[in-house]
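**Q** What follows is a structure written as structure tokens; I'll ask about it next.
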Amino acid sequence: MIQIQPINAFSDNYIWLIYNQNGDALVIDPGDATPVLEALKKQNLSLKAILITHHHADHTGGVGPLKAETGATVYGSAEESTPGLDVAVNDNDIVHIESMNLNFHAFLVPGHTKGHLSYYDGIHLFSGDTLFSMGCGRIFEGSPEQMFNSLNRLKELPNETMIFAAHEYTQANLKFAMAVDSDNSDLQAFSFEVDKTRTGLQPTLPSSINLDKRF
């Protein structure tokens, strides 16, 4: 049994911490090492792996210090430059974290960056900056066609797939959705729930493939 928890970083980043009952852990997209090290110490966890979705600094800035402190193995896209990279990951590779008995299917989903990866374990999708709740990432290096194809690829995952995106963007994305579909009662109800959640400073994630298809 694994546990997944968000570690807050910067203004709206989530660093996803995954750990098991044995105290072994991995993190996804650690832009800042300090809150990760604090969480590891507080929960007495041993960091075994670091998974990177793409090369932007707010996702990789903590890799060097974390690797130096823990010796964790760093996995990242073969299409991009990742600091401290140990294992270059290609499309459809299976990332096996032996000490945790975890397997992640890597999807190459270009658009936000040319070599962006998302990681899927059969239930949880760690989508980085490709797919958010109610929206997608900005297109910096890829093309609109690539982003469209990447989103369609992720859309084919089972409806119950839980989406763990790398930023808290749900409220902002909902404002746009409400502007273009203001009479949608489902959107209105969801917007109320999201506002309530954020008032308490709680994450609106994970979302789900079903929820994103619905809206």
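**Q** Just a yes or no: is a residue in the stretch 87-106 touching a Lys or Arg at 6+ places or on another chain (Cβ under 8 Å) and closer than 26 Å to Q146 by Cβ?
**A** We begin by selecting, within the stretch 87-106, every residue touching a Lys or Arg at 6+ places or on another chain (Cβ under 8 Å); these are 97, 99-100.
Right, trim to closer than 26 Å to Q146 by Cβ and you get none.
Checking the stretch 87-106: not a single residue is touching a Lys or Arg at 6+ places or on another chain (Cβ under 8 Å) and closer than 26 Å to Q146 by Cβ.
**Q** Considering every residue within the stretch 156-178, establish whether at least one is touching a strand residue (DSSP E or B) at 6+ places or on another chain (Cβ under 9 Å), open to solvent by 70 Å² or more (accessible area, probe 1.4 Å) and basic (K, R).
**A** no
**Q** Within the stretch 105-125, is there a residue that is over 17 Å from the mean Cα position of the chain (by Cα) and either small (G, A, S) or surrounded by 15 or more Cβ atoms within 10 Å (Cβ to Cβ) (or both)?
**A** Let us first name the residues in the stretch 105-125 that are over 17 Å from the mean Cα position of the chain (by Cα), namely none.
No: zero hits.
**Q** If I ask for residues that are under 12 Å from the mean Cα position of the chain (by Cα) and among the hydrophobic types (A, V, I, L, M, F, W, C), which ones from the stretch 1-30 would you list? It would help to see each step written out before you state the result.
**A** Going through the stretch 1-30, the residues under 12 Å from the mean Cα position of the chain (by Cα) turn out to be 4-7, 13-18, 27-30.
The answer is I4, I7, I15, W16, L17, I18, V27, I28.
**Q** Is it the case that some residue within the stretch 196-204 is assigned to a loop (DSSP other than H, G, I, E, B), touching a residue at least 24 places away in the same chain (Cβ under 8 Å) and surrounded by 14 or more Cβ atoms within 10 Å (Cβ to Cβ)?
**A** Taking the stretch 196-204 first, the residues assigned to a loop (DSSP other than H, G, I, E, B) are 200-204.
Still in the list and also touching a residue at least 24 places away in the same chain (Cβ under 8 Å): 203-204.
Still in the running and surrounded by 14 or more Cβ atoms within 10 Å (Cβ to Cβ): 203-204.
Looking for residues that are assigned to a loop (DSSP other than H, G, I, E, B), touching a residue at least 24 places away in the same chain (Cβ under 8 Å) and surrounded by 14 or more Cβ atoms within 10 Å (Cβ to Cβ), one finds at least one in the stretch 196-204, hence yes.
**Q** Could you say whether any residue in the stretch 41-50 is surrounded by fewer than 20 Cβ atoms within 10 Å (Cβ to Cβ), among the β-branched types (V, I, T) and free of Cβ contacts under 8 Å to residues at least 40 places away in the same chain?
**A** No, every residue in the stretch 41-50 fails to be surrounded by fewer than 20 Cβ atoms within 10 Å (Cβ to Cβ), among the β-branched types (V, I, T) and free of Cβ contacts under 8 Å to residues at least 40 places away in the same chain.
**Q** Just one of (1) open to solvent by less than 40 Å² (accessible area, probe 1.4 Å); (2) closer than 22 Å to G111 by Cβ; (3) among the polar types (S, T, N, Q); (4) more than 17 Å from the chain's Cα centre (by Cα) trips up S191, so point out which.
**A** If we test S191 against (1) open to solvent by less than 40 Å² (accessible area, probe 1.4 Å); (2) closer than 22 Å to G111 by Cβ; (3) among the polar types (S, T, N, Q); (4) more than 17 Å from the chain's Cα centre (by Cα), just (2) comes out false.
**Q** So P30 ticks every box in (1) open to solvent by less than 10 Å² (accessible area, probe 1.4 Å); (2) over 23 Å from F107 (Cβ atoms) but one. Which box is left unticked?
**A** Unmet condition: (2).
**Q** Looking at the stretch 171-208, which of its residues are within 23 Å of N8 (Cα to Cα) and among the aliphatic types (A, V, I, L, M)?
**A** If the condition is that a residue be within 23 Å of N8 (Cα to Cα) and among the aliphatic types (A, V, I, L, M), then A172, L174, V194, L201, L205 are the ones that fit.
The values are calculated or read from the model by the stated rules, or taken from the named source; none is laboratory data. Just so it is clear, the structure is predicted and the values come from calculations on it, not from any experiment. Glycine also receives a Cβ, built like all others from the backbone with ideal geometry; neighbour counts cover every protein chain displayed. Areas reflect the complete protein model, heavy atoms only, side chains present, ligands, DNA and RNA absent. Shrake-Rupley method; radii C 1.70, N 1.55, O 1.52, S 1.80 Å.
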